[in-house]
Every structure is written in structure tokens, then in C-alpha cells.
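Have a look at the structure below before the remarks.
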Amino acid sequence: MLTASDVAEVLTEISPLLRGGWIQKIQQPTDRTLVLDVRVPGQTHRLLISCHPDFARLHITTRSSTNPQTPPPFCQFLRAHFQGAKIDDIRQVGNDRIVELQITGREGAHAIVCELTGNKANILVLDAGGRVLRDLSRHHPTGQAYTSPPQRNSHHETTPSRFAGRVAGKLPVSEAIDAYYCEQEATQTIDRIKQERLRALKKMLKREQRLIEAWRNDLSKATAYRDYARYGELIKANLGAIMKGTDHVEMTDYFDDRLPHITIPLDPMKSPQRNMDDYFRKHRKYLAAERELKPRIERAVHGIERLCQEITYIEQGTWTPPAMPLAHSNKATTVRAISKGPLATDRRRGPFRRFISTDGLLIFVGRNARENDELTFGLAKSDDLWLHARGTPGSHVVVRLSKGTDPPSETLRDAAMLALLYSDFKKSGKGDVIYTRRKWVKKAKGQAQGAIVVTQDKSLHVSLDKNRLEALKSRGS
């Protein structure tokens, strides 16, 4: 986090540029970050203010931000009251990590207070009398007189700034802070993706192990029916000699060169014909189990080996997440993906198109009616996000979510964009996409494969975005 000296250095740099400027645009790309576009004669500066506990800071940035479709309430309030307002002054409060923007808008004088104080970082709006009008973190009751948080030890006032002199440029302190925290946020994002992936892998591992155990049990039970075709044939050869109601029959086993006598159990409640049919049916069950379960178990064992290998890579620190854009990046700054290894293998396995969202979540897209049906009613879980272009033929889209979690806004936009792209709306480049939880999607009775009925849904209007699509396709398979 910034020290008081860091705050002093960056304000020395940016205050002369912003003082007297007009707030043209207000954005809130994340729940704890504001971006103000401030217009001064001949130029627009982008002021970033973050009250994230780990990344609290204030500086000018040149990076663009991806914003949610619907502005958060705090952003809506600022736009309603301060878009077009003038910045009269921007100053440090009490040699502490607190910055005050004094502004004048159509409703008079106000202040935006930025508390860049670590875990308790906050952004507040004050009226002319110093009373709290709005509080991003909701720590202060509305209408209460604002009081600054207790100041930290005074040695921070004389500690040299870490960012002064690190970068040569027009705004060296801002650029150094921007670069440093961009890297920190990227590192945290990668760590979060790793932990989410690790949890998902361990969950998949347990599920696959349970399936293999169940399949092996089924195969073991079916193996007991290996000789039942022989019993059926022997009963068939002696069908006329077997009396109904008997519980066994003794006969010569003509399938054995030694011609031994064997005893074959019978169900006395069934006719000899029914007993014969049962033996043949159970033998067919054995053959089906041999044909289907053995390859299934073999594939699952190989899958477990891949899962365990990827878990090892993550735990050893040698795993790399798939390529994804970094937050607040306006260039091709990406986390590079490994071209080979368990993750790449996992993404190529099986049907469906596969993509990685901006937030690192896996998105599946069906290619045809059969895949749509298999994706929605085979692969998808009840809490997964499900999407489809409204009222037109198209692909089913599923986002894998952990139970009890909501999809991040950027992942929702990514998945909706794919649902639009792989539908008949692609020609027009825009349309409505419905989204819901998989549990609210049912098969349409008596309809063609892939036809569904949705009982609860929301709608999102989407226009094709070339940059977003290119980023998704670069992470697709």
C-alpha cells in the first residue's frame, strides 16, 4: 500500500495537472476502484482511485478499464451529482494517507475523501458542512459529521517514497505506481486462479475416484455372469425335460471335453423358458459391462493421472494459467499459457468448444443439437451458468461455477458474447441473450434433440465486440 510519503510525491506530481479540471466521465470498473476522466485545456487525464485493502492507491493512469454493464450504485450517485463538476483542489490531509478532492458542481461545493489506509481504505462523499453523503464501504452513517481515521506513526512522514525516481517519463511517480500495482494485481489474479483450479481439480479427482470404484464394483458383479451363456444353452438343449417348479437341474456339460455333470440353479417360480432367458440376459449384461466399463475405467484412470499431475504442478509452483488479459490493460499484456501440459490436454479433451473467460473460468459451447443436449443435460451441473440467444437457433453455453457462487460480470459478458456469436444473431451482430442456472433448464417433451424449456431467466443485450472475441478465441480450443 502507499505510504504517506508516496501520497505526497504523487500529489506533488498530479495536483497541478488536475486542479481546475472538469470531471467528464466517472467509472467504477470494480467494486473498490474509481476512474475519473478529468478534462483540462488540451488534454484529458484519467485519475484512478482504489480503496482495495491490498492495492489502495491514487494516481494518473493511461490504462483502459472494462466496466460492468450496469454501473454500481456508488458510481451512479457520483455521475448524478458530480459529472461535469470542477476540481478546485486536490490535497493530502494531515500528512497521512488521505487525499481530499474539493469539487464544485451544480449543487455547490463538495468533497471526495480517499482514505488509502489498507484494510480500512474507503472513499466518501462529503457535503459543504463535512457531513457524509455517501460511503463506498458503508462504514459511516449518512448525515454524520466526518472524522478522519487515526493517523499512523509519524515516521512514515519522513520515509522516502518508494516510487520517486524509478521511472523516467512525463509522470514518473504515477507511472511507477501504476506499473507496480498492475503487476501486484496480476500476481494476485494468478494466485486466485491457481487456488480455484486446485479446488476444482481436487473435486474432480474425488468424483472420478468414486466413479471408478462404482464401475469396478459393477464390473465385478457382472463377471459372475461369465458362464451364464453356457448355462442357457444347456437348459435350451434340455428344455423339454425340465419340470416347472424345480429349483435346479443336473445335466452333462457338453461344453467341457471331460463331460462332467453340473448342477444349474433354477427359479422355481419361473418356467424353464424364463429361466433360460434370464441366463442369456445376464450373460448379455456381462458382455456389455466388459465392452463398456473396461474402456471407461481405463480412460478414467488416465484422466486421474492427468489430474494428479496438474495438482502436482500447482503445488510445486510450476503450473501456468491459460492466457488471459490483465486488469486495466490497454495493450497485449497477458499471462502466457503453457503450450503443453495437463491444462492444455484437459481443454482439448472431449466435445464442445472451450474457452477461458477474462476471470479464468471455463466456458463450454455446444457445436450442434447433439452437443447442446449433452452439454446441458450431461456435463453441466445444477448451479452452473447457462446461456442461449433469445428466440433464435444457436449454441448452448455453460460456465462452470462453484456451488454458491455468482458469475463475475466479465465472465457473464464473455459467455453472452459467445452465445451471440454462435447463433443466428451473428449476422446482425447484436441481440438478447438469456441466462440462468442450469437447474432451471428442462428438456422440451416431444421436441427435437437440444430443444429446451427455461422456467426462470434473465436477459442481457449484447453487441459483438471484436476485441473481446479475439481475446476469447486466443484462449479457446
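In table form, for the structure just shown:
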| quantity | calculated |
| --- | --- |
| Residue within region 426-439 that is in contact (Cβ under 8 Å) with a residue 24 or more places away in the chain, in a helix (DSSP H, G or I), surrounded by fewer than 21 Cβ atoms within 10 Å (Cβ to Cβ) and out of contact with any helix residue (DSSP H, G or I) (no Cβ under 8 Å at 6 or more places or on another chain) present | yes |
| Pick from region 35-62, criterion closer than 22 Å to Thr411 by Cβ and touching a strand residue (DSSP E or B) at 6+ places or on another chain (Cβ under 8 Å), ranking: surrounded by the most Cβ atoms within 10 Å (Cβ to Cβ) | Ser50 |
| Long-range neighbours under 6 Å by Cβ, at least six apart or interchain, first residue closer than 12 Å to Thr44 by Cα within region 6-22, second of a type outside the set (Lys, Arg) | Leu17/His45; Leu18/Val38; Leu18/Ile87; Leu18/Ile90; Gly21/Val38; Gly21/Val40; Gly21/Ile87 |
| Residue in region 132-141 that is more than 39 Å from the chain's Cα centre (by Cα), in the same structural domain as Val38 (by TED's automatic domain parsing) and either surrounded by 15 or more Cβ atoms within 10 Å (Cβ to Cβ) or free of Cβ contacts under 8 Å to residues at least 24 places away in the same chain (or both) present | no |
| Criterion: over 23 Å from Glu9 (Cβ atoms) and either touching a Pro at 6+ places or on another chain (Cβ under 7 Å) or assigned to a loop (DSSP other than H, G, I, E, B) (or both) - qualifying residue of Asn67, Asn95 | Asn67 |
| Residue within region 92-111 that is surrounded by 15 or more Cβ atoms within 10 Å (Cβ to Cβ) and of a type in the set (Ser, Thr, Tyr) present | no |
| Meets criteria (outside any strand (DSSP E or B), surrounded by fewer than 17 Cβ atoms within 10 Å (Cβ to Cβ) and more than 38 Å from the chain's Cα centre (by Cα)) for Thr12 | yes |
| One residue from Glu305, Glu298, Glu290, Glu310 being touching a residue at least 60 places away in the same chain (Cβ under 8 Å) and either loosely packed, with under 14 Cβ neighbours inside 10 Å or within 29 Å of the chain's Cα centre (by Cα) (or both) | Glu310 |
| Condition check for Val113: in a strand (DSSP E or B), touching a helix residue (DSSP H, G or I) at 6+ places or on another chain (Cβ under 7 Å) and without any contact (Cβ under 8 Å) to a residue 60 or more places away in the chain | no |
| Residue satisfying all of: in region 304-333; aliphatic (A, V, I, L, M) and modelled with pLDDT under 50; farthest from Ser64 (Cα to Cα) among these | Ala323 |
| Test: residue in region 241-258 that is in contact with an Asp or Glu (Cβ under 8 Å, 6 or more places away or on another chain), free of Cβ contacts under 8 Å to residues at least 40 places away in the same chain and not in a helix (DSSP H, G or I) | yes |
| Selected residue (criterion: modelled with the lowest pLDDT) from residues of region 455-477 that are in a helix (DSSP H, G or I) and surrounded by 12 or more Cβ atoms within 10 Å (Cβ to Cβ) | Ser474 |
| Filter pass, Gly404 being within 12 Å of the chain's Cα centre (by Cα) and at pLDDT below 90 | no |
| Candidates Ser174, Ser161, Ser148, filtered to the one that is in a loop (DSSP other than H, G, I, E, B), surrounded by 12 or more Cβ atoms within 10 Å (Cβ to Cβ) and modelled with pLDDT of 85 or more | Ser148 |
| Qualifying positions in region 1-11 - out of contact with any strand residue (DSSP E or B) (no Cβ under 9 Å at 6 or more places or on another chain) and under 10 Å from Ala164 (Cβ atoms) | Ser5, Glu9 |
| In region 215-236, the residues that are assigned to a helix (DSSP H, G or I) and either of a type in the set (Phe, Trp, Tyr) or more than 29 Å from Met276 (Cα to Cα) (or both) | Trp215, Tyr228, Tyr231 |
| Residue selected from region 177-206 under the condition among the basic types (Lys, Arg) and surrounded by fewer than 16 Cβ atoms within 10 Å (Cβ to Cβ), by the criterion modelled with the lowest pLDDT | Arg192 |
| Matching entry among Ile190, Ile264 (being within 60 Å of the chain's Cα centre (by Cα) and assigned to a strand (DSSP E or B)) | Ile264 |
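Results for (1) over 30 Å from Leu198 (Cβ atoms); (2) modelled with pLDDT under 90; (3) out of contact with any Cys (no Cβ under 7 Å at 6 or more places or on another chain), shown as yes or no for each residue.
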residue	(1), (2), (3)
Gly232	yes, no, yes
Val249	yes, no, yes
Asp253	yes, yes, yes
Asp257	yes, yes, yes
Lys270	yes, no, yes
Gln273	yes, no, yes
Arg281	yes, no, yes
Ala289	yes, yes, yes
Glu298	no, no, yes
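The values are calculated or read from the model by the stated rules, or taken from the named source; none is laboratory data. Quick caveat: nothing in here was measured; it's all calculated off a predicted structure. Positions of Cβ are generated from backbone atoms using ideal geometry, with glycine treated the same way; all protein chains shown enter the neighbour counts.
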